[in-house]
Amino acid sequence: LGEMESAMVEMQAGRDELAAKLATTEQGGRPGGKLKVMELKKQLVEKDRHLSNLRQKYMGVADIAKASDRNGEHIARLKEMITAMKRQKADLQKETAAERKAHNKEIRKVRKEVVCKDREASKWKQEAQKKASMLDNTQRIAQARLEEIGRYRSRCTEAEKRQRMQKLKKGAMASAGLDNVMVGNRVQGNWKSVDMKKMRDYFR
């Protein structure tokens, strides 16, 4: 555009110079001046045509330049948008990576807690089974002791019954005038008679 502007200025100056020369020639009235005027007019027309073409070209290039500038501005804005989007993408990727890292950390923590709780549950289950087994053994031992005590009490009761019966028999025989021998035994070769009335009175 700068070169075209310079060319237009030079061509305009040449055209103005040619127009001034044409005016001077027309006013001079020299011999052969008409031919010279016709030639100068022809040159001036040609100059105007070239200058018009150059101006049209200049306008076209200027429009293209303006469009190019607009396109450049548009491209610059697009580049800025792309840069901003890339920056946002990078920030989003960093944020996503941080969230993923925190999520994985939380998952590992939860899994560790689950493993620990499973171990504790297994330990409690084993202890409960152990205590249940100990309780069963204790109950069996207690039951066996109770049965043994029951048998002992039964023996004691039987022994007490026998002792009471012995005492009753001794008392009855003593009341009947008998010695510590069973009825029907010989005493000094003779059979003792039993006083049945005394025995009946005793047991009453």
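With the simple spin-label model, which puts each label point 7 Å out from Cα in the Cβ direction, the Q139 to M8 separation comes to 11.5 nm.
Length available on full extension from Q56 to Y152: 0.36 nm per residue minus the Cα-Cα distance, which gives 20.7 nm. Shown in residue order for region 17-25 are the 3J(HN,Hα) couplings computed by the Karplus curve 6.51 cos²θ - 1.76 cosθ + 1.60 at θ = phi - 60°: 5, 5, 5, 5, 5, 5, 5, 5, 5 Hz (x for Gly and Pro). Test of understanding: extend the Cα→C-beta vector of V110 to 7 Å, then name every residue of region 82-103 with backbone N under 11 Å from that spot. Counting only backbone N, you get 103.
Coupling constants for region 42-51 follow from the phi torsions by the Karplus curve (6.51 cos²θ - 1.76 cosθ + 1.60, θ = phi - 60°), and in residue order they are 4, 5, 5, 4, 5, 4, 4, 5, 5, 5 Hz; glycine and proline get x. Computed from backbone phi with θ = phi - 60° and the Karplus coefficients 6.51, -1.76 and 1.60, the 3J(HN,Hα) list for region 77-85 is 4, 4, 5, 4, 4, 4, 4, 5, 5 Hz; x is used for glycine and proline.
Each of T83 and A128 was given a label point 7 Å from its Cα along the Cα-to-Cβ line. The distance between the two points is 6.7 nm.
Read-outs throughout are calculated quantities, based only on the coordinates presented, and are distinct from any laboratory measurement. A quick note: this is a predicted structure, and the numbers were derived from the prediction, not measured. A quick note on method: Cβ atoms are made from the backbone with ideal geometry, for glycine too, and the neighbour counts reach across all protein chains shown.
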